[in-house]
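S.K.: Here it is, the structure in full.
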C-alpha cells in the first residue's frame, strides 16, 4: 500500500545546531505510528515541519504521492494535517460548540453565523467519537480530559487525514487514556493516519502499529511494534540499555512524619486518612479528579480544607504554604512551567526561592550563601549546563525539573511531596530523579509522598501505594502489587461496594 | 454560544435595590421626565461604552478616549460654525474618531505594544496636538442647529435615546451573531488559539479601536451639543466613566467575556447614581466616592460568584 | 564584591539608550532655546518639579514590577492634602497634621492591598474604584474648600533650600536610594521580581504573596501621602483636586523607564531616567516659553518611541 505521507531526507538547522539530520518518516492511512525519542531528539521539530510551523532546509514531503510544500499552519490544515498540541489551543470562555468552529464557522446569508449547521455537524462528530459533551457548556468549566476530546473533535471536523497527537495523554488519567485509546482505534478504523508522540512507552505497545525512534536528530530505528520490546526501544532512545528501571533500596521506615486524619474538602475529597514515615516513599494514585493533587495542595496550604487534621511529627501543621515550608514540608507541583519554575529568572534565583526568608545578612540578600546553595544543588542534581546565571527557560524540561527539585531540597524538607515529578521529562533525567528519590529516603530519612499517573513508575518507586477514587481513599496496596490491581481500584471497579456501605 | 447571565442578574438586582431605596426616600424620582433625563444623560456614555466593551473583550484597553471626545467635539464645533449641515458634521465627527482609533489600533498591532501604554502615549500626543491647533482657546457661540441635536425628538422620544438604543441593538447583534463579533471573544479568551484557528488577530485587535473611535465620534454629537462652548480640556475623565460602566457591566477586564445588556445596565447604574444622590439630598461632592464604592461592590460580588465555578482550564494571566 | 557594583551599575537596554538620547537631545535643544536652562539653579528647579511625581513613581515602580497597577495615587495625594489641611484647621499641630496626612495615604494603600488580596479583584479595577472613592472623600470632607495659612516653618519642606538644593529634592533622593537598595539588594526585592514574573510559582514556593502585595500597595499609598504633603507645602494650600492625573504622569515615568507593564523586569534607575525626561522637557520648554501642548506631544512620542524601540530590538525569546 502506498504511503499517505512520506517525508524524505528532512534536514533542519537552528543556527549552528543541526536539529534534524536526513530524517525519513512515512505513515499509511489507518495506521497509528509512534514517534519516540528523548527531549531534544528532534520529534517536535519534525512535527512542526509537518504542521507548517517550520520550513525544512532540505528534503521532500509527499502526500498521496504528490510532492507538497507546507509553508504555514493553514496550508497544513488544507492538506488534512491537524496537530493537537500539548497546550490546548482552546477558548476557556467560549462554549464547546464555538470552540469547535471558531475561525471557520458556517455562514448563512448576510454573513450571519449558521448555528444550526454547526450544531448538526458537532453532534455528528461527537457521535463518531462515541462521546457525549453538552455543546453549550463553557469549556473552562469542563476538565482537561474533556478539553482534549474537544480538540480531537475539532480535528475530525476539520476533515483531518493525518492527526498528530503530541503527548496527548500527559494530562489524562488512566480512565481517560482508555477512552482516548478507544477513540484512536475508532479513528484508525475510519482510515485516519495518526502520528502518536509519547514519553510513556507502555502506551506505544498498547495503541500503535509502528514506531520510529529519533536520537540527536537522526532516525535510529523504525519497526513494527509487534516485532520489538520495551528494551529495544529504550536502548535506541538512550543509546544504552537501562538495566534497572526503578532503583529502590527499601529500608525499614522510621517514626511517623506526616499524619493526615479525616481530611475533607467538600465536593473534592472526603475523610482521607494516611500517614507517612521517615525513610519511606508512599505512592498516591488515582484518576485526575479523584482528588489526589487536591489533597496534597490542601496539605501544603495552597487550597483550604473544611475539616480534618494534618500533623507533622505529632504537631498540627499550619495551613499556610509559607509556614508549611518553614516546618519542613515541600511540594513539587504538577505543572512545572506554571507552578514550579519562574522561567525568566536565573537558576540561582529559582533555587533559593523557598529559603529566601532565611537568606539575609544585615537586612540585605546574602549573595555568598545564595551562590553556595546554588552550586551545591547544581552539582548534586547534575543540572546541565551547570550555570547559575542562565534563565531557567533556557534549560531542557528535565533540567528545569531538577532546578525545581533543587529549590525544595535547599529548604531541607522532612516531608517531600512530588506531584508528577517525571512528567514531560526525558528517560535519562527520569532515571536520575528516581535515583535521587531513593537516596533522599535512604541517606537523609526524608519521607516522600509521590503522585504519578504512570502506574508502573509509582508502583516501582513506592514502598506502598494509596489509591484514590472519587475523593475517597479506596485502597492501600503493598510493594509488588500489579498495575492491574491498582487500576482496578482507581477506576472504581472494586470500590463500588465500599461506596454503598458508606 | 455560551452566555454568562449571572452578572446581568446581579447588576439588575443592585439597580432594583437602589430604585426601591429611591422610591422610599424620594417618590418624585419616578417621574417620566426625570427618567428620560437620566437616559439622555447616559446616552453618550453608553454609546462609547459599547465601543470600549469591544476593545476590552479582545483583552485590550483604551484610555485615550477622553481626548478623542475632546478632539471630535472641537472638530464638530468648528465644522458646524463653518456652516456644514448637521448630518455631515456627525459624519465628520465619527470619521475623526475612527481615524484616531486607527492610529491606536495600528500602533498596538504593528509594534505589539500593550494598549495601556500606547493609549497613554497617544492620549498625551493627541491632547498636545489639540491644544497646539486650538491655541487652547474655547469655541464660543455655537450655531443653534448644532446645539439642538440632542433636543430633537422622534415619536416622542429624544434623539440621544434613540441613538443609544440603536447602537445597543446593533452591537448586541454584531457581537453575538457575526464571525467578527465572535472573534472578539476568541481573541480575548485565547489569542494564540485564535491565531491557530486562522483568525486575523491583528485585524481584529485594530478594528476594535476604530469601532471605539467611531462610537466616541458619535457620542460627541450628544455630548458637545449640550454646551454652549467647547473647552480644550473637555472630556477629561471620560475614559474613567466609560471603563467604569463596562467593568460594572460585567465585562471581564482581561477579555473574553461580557454582554451588551450587561454594559447597558452598567452605564445605567453609573448614570442613576449621580441623579439619585441629588434626590436623596446628599451633597454632589460625595458622588465620586459613592460611584467608586458601587464599582467595588459590583465587582466584589461578581468575584465571589465566579469563584464557586472556576475549574481546571482556569485562565492564567498576569496582573494589571 | 562586584555584587555591589551590579546593583548600582546602570545597565542600558536598547530602550534606555533611546531615552538617554532623547534626554540629551532635549537638553541640547533646551539650552539653545533658553540661556537659563543649563544653570545649576535651573537644574534644581527641575528637581523641585520632579519630586512629587518622583515619590509616587517609586511606589508605582514596585507595584508595576509585581504586575499590578495603582491608579489611585493621584487621589491619595488629594486626600492626604485634605487630611493635613482639615486636621490643621481643626487645631492639630502642623507636623502632626502632616503625619496624619501621610498615615491616611498609607491607610488608603493598605485598603487597596487588602481588597486586591482578599476579594481577589484585579488591581486595575480596585484602584479605578478607589481612585473615585479617595477623590470623592477628599471632595466630601472638604466640601471643595481650600485650606490655607500654615505656619512659615511648614513651607520650608516645599519651598526651602539647603544650600542650592531644594529641601524636597533631598527627601526624594533619600527615598530613591532606599528603594534602589530595597529592590536590588534585599530579600524583599527578590520576592518582588519573583512575584512579577510568576505569581503562581512564587506562591507555590511558600512566599507569603498576599502579605507582600499588602506591603507594596501600602508603600505606594504612603509615598503618595508624602507627595501630597510636599505638594501642599510647595503650593501653600490644600485643595481636594491636588494630584489630579498624577497617576498617568507616574505610570508614564515608570513605563518610559523600561519597566514592563506586565511585571517582572525593570527598576528604579529606569524610572529615574523616565522621570527626568518628563521633568526636563516640561521645565525646559516652559523656560523657552513653549506651551504645554508641545510638551505633551513630546512626552507622548518619547513614550511610544521608547516602548516600540524596545519591542523591535528585543530578540524573540523563543523560536
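A short reminder: the numbers here are calculations on the coordinates, not readings from a lab. A quick note: this is a predicted structure, and the numbers were derived from the prediction, not measured. Here Cβ is always computed from backbone atoms with ideal geometry, including for glycine, and neighbour counts include all displayed protein chains.
S.K.: Compute the long axis of helix A:427-443 from its Cα atoms, compare it with the longest principal axis of the Cα atoms of chain A, and write down the angle in degrees, 0 to 90, nearest 10.
M.R.: In chain A, helix A:427-443 runs at an angle near 10 degrees to the longest axis.
S.K.: Taking every eigenvalue of the Cα gyration tensor of chain A, multiplying by 5 and rooting it, what semi-axes result, largest first, whole Å?
M.R.: 40, 28, 23
S.K.: First check a/c for the range B:28-140, with a ≥ b ≥ c the square roots of the eigenvalues of its C-alpha gyration tensor; if it is under 1.5, answer rounded, and if not, answer prolate when a/b is larger than b/c or oblate otherwise.
M.R.: Cα axes put the range B:28-140 in the oblate bin.
S.K.: Right, something else. Decide, for the range C:43-150, between rounded, prolate and oblate: order the square roots of the alpha carbon gyration tensor eigenvalues as a ≥ b ≥ c, take rounded if a/c falls under 1.5, and otherwise choose prolate if a/b is larger than b/c, else oblate.
M.R.: Judged from the Cα gyration tensor, the range C:43-150 comes out oblate (a/c at least 1.5, b/c at or above a/b).
S.K.: Then there is this: From the alpha carbon gyration tensor of the range C:51-266, can you work out the equivalent ellipsoid semi-axes (sqrt of 5 times each eigenvalue) and give them in Å, largest to smallest?
M.R.: 30, 19, 14
S.K.: Ok, one more. Report D for the range C:89-136 in µm² per second (integer): Stokes-Einstein, Kirkwood Rh on Cα pairs, 4 °C, 1.567 mPa s.
M.R.: 108
S.K.: Divide by every residue of chain A the summed helix terms, -39500 (n - 2.57) for each DSSP H run of at least 4, and state the resulting mean residue ellipticity at 222 nm, rounded to the nearest 500 deg cm²/dmol.
M.R.: -9500 deg cm²/dmol
S.K.: I want to check the label-to-label distance for residue C:103 and residue C:118. Put each point 7 Å from Cα in the C-beta direction and report it in nm to one decimal.
M.R.: 2.0
S.K.: While we're on this one: Provide, for q = 0.12, 0.18 Å⁻¹, the log10 of I(q)/I(0) from a solvent-free Debye sum over equal Cα point scatterers in the range A:256-501.
M.R.: Result of the Debye calculation: -0.68, -1.41.
S.K.: Another question, if that's okay. Show that you can apply the helix-only estimate: for chain C, add -39,500 (n - 2.57) for every DSSP H stretch of four or more residues, divide by all residues, and state [θ] at 222 nm to the nearest 500.
M.R.: Calculated at 222 nm, the ellipticity per residue is -25000 deg cm²/dmol.
S.K.: Is there a simple number for the mean count of other chain Cβ atoms within 10 Å of the Cβ of residues in C:294-305, and what is it?
M.R.: 6
S.K.: Below 8 Å, C-alpha to C-alpha, sequence gap of six or more: please give me the relative contact order for chain A in percent.
M.R.: Reported as a whole number, the value is 15 percent.
S.K.: Right, another one. Taking every alpha carbon pair in the protein assembly as shown, what does the distance histogram look like in 20 angstrom bins from 0, in percent?
M.R.: Binned Cα distances yield the sequence 11, 37, 36, 15, 1.
S.K.: Using Cα springs under 10 Å in a Gaussian network model of chain B, which residue among B:83, B:150, B:255 shows the largest mean-square fluctuation?
M.R.: B:83
S.K.: I need C:60, A:237 ordered by Cβ neighbour count within 10 Å, fewest first.
M.R.: Final ranking by Cβ density, sparse to dense: A:237, C:60.
S.K.: For the range C:190-204, list residues with backbone N below 11 Å from a point placed 7 Å from the Cα of residue A:412 toward its Cβ?
M.R.: none
S.K.: Calculate the translational D of the range C:150-235 in whole µm² s⁻¹ from Stokes-Einstein, where the hydrodynamic radius comes from the Kirkwood formula applied to all Cα pairs, the temperature is 37 °C and the viscosity 0.692 mPa s.
M.R.: Diffusion coefficient, whole number: 218 µm²/s.
S.K.: For a quick check: sort C:145, A:292, A:297 by the number of other beta carbons within 10 angstrom, fewest at the front.
M.R.: So the residues, fewest neighbours to most, are C:145, A:297, A:292.
S.K.: Take peptide B:279-292, look around each residue's Cβ out to 10 angstrom, count Cβ atoms belonging to other protein chains, and average those counts.
M.R.: Mean number of neighbouring Cβ atoms from other chains: 5.
S.K.: Assign one of three labels to the range C:127-190, namely rounded, prolate or oblate, based on the Cα gyration tensor with a ≥ b ≥ c the square roots of its eigenvalues; rounded applies when a/c is under 1.5, prolate when it is not and a/b is larger than b/c, and oblate otherwise.
M.R.: oblate
S.K.: In whole angstrom, and with the biggest value first, how far do the Cα coordinates of the range A:130-224 range along each principal axis?
M.R.: 47, 26, 23
S.K.: Taking the Cα atoms of the range A:262-373, what is the range of coordinates along each of the three principal axes, in descending order and whole Å?
M.R.: 46, 31, 27
S.K.: Quick check: the angle from helix A:397-410's long axis to the longest principal axis of chain A, C-alpha only, nearest 10 degrees?
M.R.: The helix A:397-410 is inclined about 10 degrees to chain A.
S.K.: Looking only at B:108, B:246, B:45, which one moves most when chain B is put into a Gaussian network model with springs between Cα atoms under 10 Å?
M.R.: In this elastic network of chain B, the residue with the biggest mean-square fluctuation among B:108, B:246, B:45 is B:108.
S.K.: Given R₀ = 30 Å, FRET efficiency for residue A:275-residue A:358 by Cβ-Cβ distance, to 0.05?
M.R.: So, using R0 = 30 Å, E works out to roughly 0.55.
S.K.: Partner chain Cβ atoms within 10 Å, averaged over the residues of B:125-134 - can you pull that number for me?
M.R.: Neighbouring Cβ atoms belonging to other protein chains average 5 per residue here.
S.K.: Let me ask something else. Divide by every residue of chain B the summed helix terms, -39500 (n - 2.57) for each DSSP H run of at least 4, and state the resulting mean residue ellipticity at 222 nm, rounded to the nearest 500 deg cm²/dmol.
M.R.: -23500 deg cm²/dmol
S.K.: Which one of B:139, B:253, B:61 has the biggest mean-square fluctuation once chain B is modelled by GNM with Cα springs under 10 Å?
M.R.: B:139
S.K.: List the relative contact order of the range A:256-501 as a percent without decimals, with contacts defined as Cα pairs under 8 Å and 6+ residues apart.
M.R.: Once divided by the residue count of the range A:256-501, the mean separation gives 28 percent.
S.K.: For the range B:110-264, taking Cα atoms only, what is the radius of gyration to one decimal and the Dmax to the nearest whole Å?
M.R.: Both quantities, over Cα of the range B:110-264: 18.2, 55 Å.
S.K.: For the range A:5-238, what's the radius of gyration and Dmax over Cα atoms, in angstrom?
M.R.: 18.2, 61
S.K.: Just order C:93-102, A:132-141, A:397-406 by mean Cβ neighbour count inside 10 Å, highest at the front, would you?
M.R.: Order by mean packing, descending: A:397-406, C:93-102, A:132-141.
S.K.: With the contact rule set at Cα under 8 Å and sequence spacing of 6 or more, what percent relative contact order holds for chain C?
M.R.: In percent, rounded to a whole number, it is 35.
S.K.: Please work out how much length the chain gains when fully extended from residue B:144 to residue B:19, using 0.36 nm per residue of separation minus the C-alpha to C-alpha distance, in nm with one decimal.
M.R.: The residue B:144-residue B:19 span can extend by a further 41.4 nm.
S.K.: Please give, to one decimal in nm, the separation of the simple spin-label points placed at residue A:107 and residue A:178, each 7 Å out from Cα toward the Cβ.
M.R.: Result: 4.6 nm between the two label points.
S.K.: Give me the one-decimal nm value for the distance between modelled label points at residue C:92 and residue A:379, 7 Å along each residue's Cα-to-Cβ direction.
M.R.: 5.9
S.K.: Turning to a different aspect of this structure: Determine, for A:280, A:432, the number of other Cβ atoms within 10 Å of each Cβ, and report the residues in order from fewest to most.
M.R.: A:432, A:280
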